[in-house]
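Nothing in this text is a laboratory measurement; each read-out follows from the coordinates by a stated rule. Bear in mind the structure is a predicted one, so any value in this text is a computation, not a measurement. Because the Cβ atoms are built from the backbone with ideal geometry, glycine has one as well, and the counts that use them run over all protein chains shown.
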């Protein structure tokens, strides 16, 4: 891939987003309650036309949005990203009826979406999930409580020999926007013992009987919770994609969003770097400005170097996704890994150069220090990204070797 640079129109849009985040979104974020969904902030994201862009933009535009918002208002960035993560499977794999019901409300911020993949014992190893989807023959035969014909054919219409109704039983954990979301993209095991091949994605409204949730008190300020499924009823009309192929839905969503997690991290790293440049210029120490000390200047140079390298890898991965390149999983994993690890380093260095003031509650760097840790864990921990990268490298090698020997 050639060297990457943004067009003037893209640069202008990023500047506009940073200004909107500072002037219109940050005041709403500051009024929100940590650990709760900020519906006023979501509504403003909809009013500004940013939520609808989740479904009309490519991966690079998504990265530019997330990076720009994160630079000025991480709460706005996270609210936008969680809407996209929860609703993208509906946009990409939903029926006409599912999309018509939920996507307009996600776009205007009136409905909160959530992506429910992780479980207490199946976080990084997503293929090991155990939330069970048991066939519900009685409900299928009866059409279920209040059942009515689907206005469009469902993806399961061709699966005449399979079940058309299930009961979900089990738990989900570490789910962003839970338990306050209005609907969940839920991944459940429909075929025991089949690994990744036996998972189905369901669209589950929050008001389904048997579905309850509990908030979790986490380091990150956005809402995260656990969900309990007690024989929650779902039918073929709730399936996203095809039965037993839900893992593809999950991985396709993560391949799109992993580079943009990196963009979120780059936005935070840039904010920390900018704060450090301003502080070391203004701060008098040891008979001069802090920036005149070689050890400080070298640290800021290293922070800038790593931030720019991460940014370029994020943009390259997003562009590869938009172009349909075959190496998207590897590039996405690399971008997410490098950017999140870089942001952790840059924010930590920024705190060190600011000293005790950066640890005071309410300081920008105190906020970033709490925010920057989670991206190294969610949507695949750094160790998982390294595993994906290695797997893709060896898969490519084996394919090349096999082709050469044939």
Tilt relative to the chain, helix 328-354 - C-alpha long axis, 0 to 90 degrees, to 10: 40 degrees
Residue order, fewest to most beta carbons within 10 Å, for 220, 260: 220, 260
Which value at 222 nm does the chain reach when only helices count, each DSSP H run of 4 or more adding -39,500 (n - 2.57), with the total divided by all residues and rounded to the nearest 500 deg cm²/dmol? -17000 deg cm²/dmol
What's the Cα-based Rg to Rh of the range 8-108, Rh via Kirkwood? 0.98
What are the semi-axes of the equivalent ellipsoid of the range 346-393, taken as the square roots of 5 times the eigenvalues of the Cα gyration tensor, listed largest first and rounded to whole Å? 31, 11, 5
Expressed in nm², what is the orientationally averaged projection area of the convex hull enclosing the Cα positions of the chain? 22.6 nm²
Per residue and in Å³, how big is the convex hull formed by the alpha-carbon atoms of the range 248-405? 122 Å³
Would you mind pulling out the separation of the Cα centroids of the range 268-297 and the range 203-255, in Å? 45 Å
Just order 227-235, 27-35 by mean Cβ neighbour count inside 10 Å, highest at the front, would you? 227-235, 27-35
Build a GNM of the chain with springs between Cα atoms under 10 Å: which of 368, 353, 41 gets the top mean-square fluctuation? 353
